[in-house]
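Q: Below is a structure I'd like to ask you about.
Every read-out reported here was derived from the displayed coordinates using simple, explicitly stated rules and does not represent laboratory data. Just so you know, these numbers come straight off a predicted model, no measurement behind them. Using ideal geometry, Cβ is built from the backbone for each residue, glycine included, and neighbour counts are taken over all protein chains shown.
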Amino acid sequence: MLISEIFYSLQGEGMLTGLPSLFIRTSGCNLRCNWCDTDYASWEPTGEDMTIDEIVSHVDSKKCKHVVVTGGEPMIAKEIQQLCMSLKDKDCHITIETAGTISPENIDCDLASISPKMSNSTPDKRASESWLKRHERDRINLLIIQEWIDNYDYQLKFVIDSQNDVNEVLELLAQLKRDIAPYKVLLMPQGITKEEIDTKKLLVAEMCKEYGFRYCDRLHIELFGNKKGT
Ligand code: SF4
């Protein structure tokens with residue numbers, strides 16, 4: 001399994017923000033978001049081939065039961081089902097960070113952190129024509145998002161870049177035709193530096209106040225900056 005990095009840090013985003021967690025980042029992604037902050041696991045995937053046992057051994061060495069499986073898109077990793085099964089055997093709480101484009105197929109997961117990609121993710125000229133088409137075709141899959149939210153505890157995390165983005169969030173929530181509590185909907189300012197986030201955080205805060213959604217910070221950037229392994 002191609003692993004980009006494994007590290008111990010604090011969960012920086014979402015309902016479990018602040019919780020010490022072991023992060024397992026698979027390498028490879030089926031999308032090419034313009035503002036991706038982990039291009040070493042998506043646009044230019046690199047990493048080390050590791051066995052499931054090698055990966056899971058980090059749980060013992062860190063003595064940490066909260067594990068975040070992330071990427072890239074972890075759900076496209078070939079042995080993802082076995083990895084999560086092995087983590088469950090170790091009694092771990094598993095958060096999977098996914099864009100919600102790949103079926104969960106009964107994967108072991110305690111919190112599905114689903115981040116559907118809106119139009120602000122469309123890649124610029126860095127992406128080839130074929131990647132651009134693929135990104136636009138695949139970035140939203142209603143049936144698959146429904147499958148996740150029907151079968152798992154979940155949060156829906158949206159990256160907000162400008163005022164209009166909230167209309168897309170509302171449209172998607174309506175299209176999902178599910179009774180989604182606003183507190184499970186997280187709005188996160190787009191930005192990979194503290195300065196960039198600062199320019200958008202009040203806009204996002206006002207959106208949350210208006211619709212009852214949850215503000216989603218990026219604590220790891222606040223604490224450590226945009227660095228690998230944090
Ligand atoms: S889905 Fe996530 S990892 Fe993949 S390109 Fe988009 S932001 Fe990056």
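Q: Per-residue HN-Hα couplings for region 192-198, Karplus 6.51 cos²θ - 1.76 cosθ + 1.60 at θ = phi - 60°, whole Hz, x for Gly and Pro?
A: Going residue by residue, I get 10, 10, 4, 4, 5, 4, 4 Hz, with x marking Gly and Pro.
Q: Counting DSSP beta bridges with both partners in the chain, what percentage is antiparallel, nearest 5?
A: Given both bridge residues lie in the chain, the antiparallel proportion sits at roughly 30 percent.
Q: Further, regarding this structure: I want the local charge near Lys90. Using Cβ-Cβ distances under 10 Å, sum +1 for each Lys or Arg and -1 for each Asp or Glu among the other residues.
A: -1
Q: When the chain is fully extended, how far beyond the present Cα-Cα distance does Lys184 get from Thr17, taking 0.36 nm per residue of separation?
A: 58.8 nm
Q: Here is a follow-up. How far is helix 142-151 tilted, in degrees, relative to the longest principal axis of the Cα atoms in the chain, given as a value from 0 to 90 rounded to the nearest 10?
A: So the helix axis and the longest Cα principal axis differ by about 60 degrees.
Q: Also, I was wondering about something else. Which of the cysteines in the chain are isolated, no other cysteine C-beta under 4.7 Å?
A: Within the chain, the cysteines lacking a partner Cβ under 4.7 Å are Cys29, Cys64, Cys84, Cys92, Cys109, Cys208, Cys216.
Q: How large is the Kirkwood hydrodynamic radius of region 2-224, in angstrom, based on all distinct alpha carbon pairs?
A: Answer for region 2-224: a Kirkwood hydrodynamic radius of 17.8 Å.
Q: Which ³J(HN,Hα) values in Hz, rounded to whole numbers, follow from the phi angles of region 221-230 under the Karplus curve 6.51 cos²θ - 1.76 cosθ + 1.60, where θ = phi - 60° and Gly and Pro get x?
A: 6, 4, 7, 10, x, 7, 10, 4, x, 10
Q: Pull out the extension gain between Gln163 and Leu143, defined as 0.36 nm times the separation in residues minus the alpha carbon to alpha carbon distance; nm, one decimal.
A: 4.5 nm
Q: Hey, another quick one. If you wrap region 110-219's Cα atoms in a convex hull and average its projection over all directions, what's the area in nm²?
A: 7.6
Q: Could you size up the charge dipole of the chain around its Cα centre, putting +1 on the beta carbon of Lys and Arg and -1 on that of Asp and Glu, and report it in debye to the nearest 20?
A: Dipole size: approximately 260 debye.
Q: Related question: Which entries of Lys88/Lys177; Lys65/Lys117; Lys194/Lys228 have Cα-Cα distances beyond 22 Å here?
A: Violating the 22 Å Cα-Cα cut-off are Lys88/Lys177; Lys65/Lys117.
Q: What does the net charge come to around Met118 if you take all other residues with beta carbon closer than 10 Å to its beta carbon, with K and R at +1 and D and E at -1?
A: After counting each charged neighbour, the total is -2.
Q: Can you order the peptides 145-154, 206-215 by their average number of other Cβ atoms within 10 Å per residue, highest first?
A: Ranked from most to least packed, the peptides come out as 145-154, 206-215.
Q: Out of residues 5 or more away from Ile160 or on other chains, whose amide H comes under 5 Å of its own, with H placed 1.01 Å from N in the peptide plane?
A: Amide H neighbours of Ile160, under 5 Å, 5+ apart: Met188, Gln190.
Q: Let me ask you something else. Where does helix 129-138 land angle-wise versus the long Cα axis of the chain, in degrees 0 to 90, nearest 10?
A: Orientation of helix 129-138: about 90 degrees from the principal axis.
Q: If r is the Cβ-Cβ distance from Lys63 to Asn34 and R0 is 35 Å, what FRET efficiency results, to the nearest 0.05?
A: The value I calculate is 0.35.
Q: Sticking with this one: Hey, fewest Cβ within 10 Å first, where do Thr230, Thr51, Thr95 land in order?
A: Thr51, Thr230, Thr95
Q: Between Tyr154 and residues 5 or more places away or on another chain, which pairs have amide H atoms under 5 Å apart, with H built 1.01 Å from N, and which residues are they?
A: Ala112
Q: Can you give me the C-alpha center-to-center distance between region 2-50 and region 70-139, rounded to a whole angstrom?
A: With region 2-50 and region 70-139 each reduced to a Cα centre, they are spaced 10 Å.
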